[in-house]
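This report refers to the structure that appears directly beneath it.
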Amino acid sequence: MTAQKAPSQQLVLDLPFETALGEDDFVVSAGNLQAYEYLMGMREWPGPTTLLIGPEKSGKTHLANMWAAHKGAQILSRDSGAAWPQHMDGPLLVEDCNALWMGETPLFNLLNQSMRSQMPLLMTADRPLAEWPLETQDVRSRLRLALNLEISPLDDAHLAQLFVKLFDDRQIQIDPGLIPYLLSRMERSPAHVVTLVEMMDQMSLERHKPISKRLAGEALARLYSQ
């Protein structure tokens with residue numbers, strides 16, 4: 001009797017890759033042009049506080065970090081581990097403000113400091129102020145004074161550029177026809193572009209096969225059956 005071999009399971013190494021967040025890697029589109037020109041231009045802000053609003057994976061973090069690099073701004077996020085400043089000593093970027101991860105009182109104090117000192121404060125959010133779960137009217141009134149910059153959803157041309165950027169970040173070469181194939185079958189969402197690239201990369205590594213339309217079709221089916 002011949003012993004049957006157990007199916008082998010390929011070990012996939014989760015090797016790190018670096019997401020390119022330089023200025024040359026930013027995709028400028030009609031949906032983000034106003035925010036890009038305002039933040040990266042040399043003009044003076046009309047007021048010290050600005051709110052950059054855009055959906056998840058829309059490029060707002062990339063753009064905000066470009067601004068921070070230009071201004072030498074400190075960056076605060078819920079994952080950064082940096083201590084919340086008691087005093088504002090220079091330009092500041094606070095990410096994911098709508099989650100209120102810092103608490104309303106610290107945010108209120110920071111807004112007041114920015115307004116008194118006229119030091120630039122840039123905040124990012126994935127939804128407009130009216131949808132924030134604020135309980136303090138004073139915080140809401142201060143935030144209403146901030147200039148609002150919005151990033152609109154990307155069109156097909158710029159979703160295609162996002163696909164190209166993400167594949168380049170992972171050093172993946174693809175057939176030119178793959179991106180139109182994906183765009184014709186997916187929702188117009190930058191977050192879905194990111195998810196699909198991650199799924200296809202993982203499936204390709206597991207199977208030791210290049211990313212093809214067949215593999216892309218499987219990734220689409222998995223994504224939209226969830």
Is segment 200-221 home to any residue that is part of a helix (DSSP H, G or I), in contact (Cβ under 8 Å) with a residue 12 or more places away in the chain and closer than 18 Å to GLU56 by Cα? no
Touching a residue at least 24 places away in the same chain (Cβ under 8 Å) and either β-branched (Val, Ile, Thr) or in contact with a strand residue (DSSP E or B) (Cβ under 9 Å, 6 or more places away or on another chain) (or both), is that true of VAL164? no
Within segment 117-158, track down each residue that is within 22 Å of the chain's Cα centre (by Cα), acidic (Asp, Glu) and part of a loop (DSSP other than H, G, I, E, B). ASP126, ASP155
In this structure, is ASN65 surrounded by 12 or more Cβ atoms within 10 Å (Cβ to Cβ), among the polar types (S, T, N, Q), at pLDDT 90 or above and out of contact with any strand residue (DSSP E or B) (no Cβ under 8 Å at 6 or more places or on another chain)? no
For residues in segment 142-194 being among the acidic types (Asp, Glu) and surrounded by fewer than 15 Cβ atoms within 10 Å (Cβ to Cβ), which is farthest from TRP45 (Cα to Cα)? ASP175
Quick test for you: out of GLY90, GLY81, pick the one residue that is closer than 16 Å to ALA64 by Cβ, without any contact (Cβ under 8 Å) to a residue 60 or more places away in the chain and surrounded by fewer than 16 Cβ atoms within 10 Å (Cβ to Cβ). GLY90
Enumeration of residues in segment 109-141 that are without any contact (Cβ under 8 Å) to a residue 12 or more places away in the chain and surrounded by 14 or more Cβ atoms within 10 Å (Cβ to Cβ): ASN109, ARG140
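The values are calculated or read from the model by the stated rules, or taken from the named source; none is laboratory data. Just so we're clear, the structure is a prediction, and the values are computed from it rather than from any experiment. All Cβ positions, even for glycine, are placed from backbone atoms using ideal geometry, and neighbour counts span all protein chains on display.
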